[in-house]
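Enquirer: Please see the structure below; I have some questions.
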Amino acid sequence: MADAYYGTGKRKTAIARTWLKPGNGTIMINKRLIDDYFGRETAKMIVEQPLVLTDTYGSYDVSVNVSGGGISGQAAAIRHGITKALLQVNPQFRPLLKKAGFVTRDPRIKERKKYGQKGARARFQYSKR
């Protein structure tokens, strides 16, 4: 058994480097406890989803370095990283995690602004006269 299992998770512009070590279930994000890092309960719930689904909540210490994006993007990136690390722990978790939609990286990112336009889709206002 390895010391730690590693997984990289991504969502929008957020990147989370995640390590799982056998322990008592402590989740540290950027050297802060999950309760101190995330104010929202939904963000905490999103982070814990793969551990709860695989019945490994409380049996692994999670250490995460996350950067970029906002609260929701970071939470989803951490979830993706934990999922990838859990697949290293036990490959038999894959069908369960895949069905829940945690294995696939969410490809949706911000569309770039185009030249000659106000934004990605928005145009400058047209006036006939």
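Each value in this text was obtained by applying a stated rule to the coordinates, not by laboratory testing. Here the structure is a predicted model, which is why all the values come from computation and not from measurement. So basically every Cβ, Gly included, is an ideal-geometry build from the backbone, and we count neighbours across all protein chains shown.
Enquirer: Report the residue count in segment 72-105 for those that are of a type outside the set (A, V, I, L, M) and closer than 21 Å to Ile29 by Cβ.
Expert: 11
Enquirer: Select from segment 1-12 the residues that are under 16 Å from the mean Cα position of the chain (by Cα) and assigned to a loop (DSSP other than H, G, I, E, B) and list them in ascending order.
Expert: Lys12
Enquirer: Among the residues in segment 86-103, are any in contact (Cβ under 8 Å) with a residue 40 or more places away in the chain, closer than 15 Å to Leu53 by Cα and either exposed (fewer than 15 other Cβ atoms within 10 Å of the Cβ) or of a type in the set (Gly, Ala, Ser) (or both)?
Expert: Among the residues of segment 86-103, at least one is in contact (Cβ under 8 Å) with a residue 40 or more places away in the chain, closer than 15 Å to Leu53 by Cα and either exposed (fewer than 15 other Cβ atoms within 10 Å of the Cβ) or of a type in the set (Gly, Ala, Ser) (or both), which makes the answer yes.
Enquirer: Pairs, please: C-beta under 9 Å, at least 6 apart or cross-chain, first residue exposed (fewer than 10 other Cβ atoms within 10 Å of the Cβ) and in segment 112-129, second basic (Lys, Arg) and part of a loop (DSSP other than H, G, I, E, B)?
Expert: Once the first residue is exposed (fewer than 10 other Cβ atoms within 10 Å of the Cβ) and sits in segment 112-129, its partners that are basic (Lys, Arg) and part of a loop (DSSP other than H, G, I, E, B) give Gly116/Arg123; Arg121/Lys114; Phe124/Lys118; Gln125/Lys118.
Enquirer: Okay, next question. Of all strands (runs of 3 or more DSSP E) completely enclosed by segment 13-85, which ones contain at least 1 residues that are within 22 Å of Gly101 (Cβ to Cβ) and not β-branched (Val, Ile, Thr)?
Expert: Those strands (runs of 3 or more DSSP E) span 14-22, 60-67.
Enquirer: Right, here's the next one. List every residue pair whose Cβ atoms lie under 9 Å apart, where the two residues are 6 or more positions apart in sequence or sit on different chains, the first residue falls within segment 3-16 and is within 19 Å of Gly73 (Cα to Cα), and the second residue, located anywhere, is of a type in the set (Phe, Trp, Tyr).
Expert: Gly7/Trp19
Enquirer: Now for a separate question. For residues that are of a type in the set (A, V, I, L, M, F, W, C) and either touching an Asp or Glu at 6+ places or on another chain (Cβ under 8 Å) or within 16 Å of Ser59 (Cα to Cα) (or both), tally how many sit in segment 10-33.
Expert: Adding up the residues that qualify gives 4.
Enquirer: Right, something else. Could you tell me whether segment 72-84 includes any residue that is surrounded by fewer than 13 Cβ atoms within 10 Å (Cβ to Cβ) and of a type outside the set (Lys, Arg)?
Expert: no
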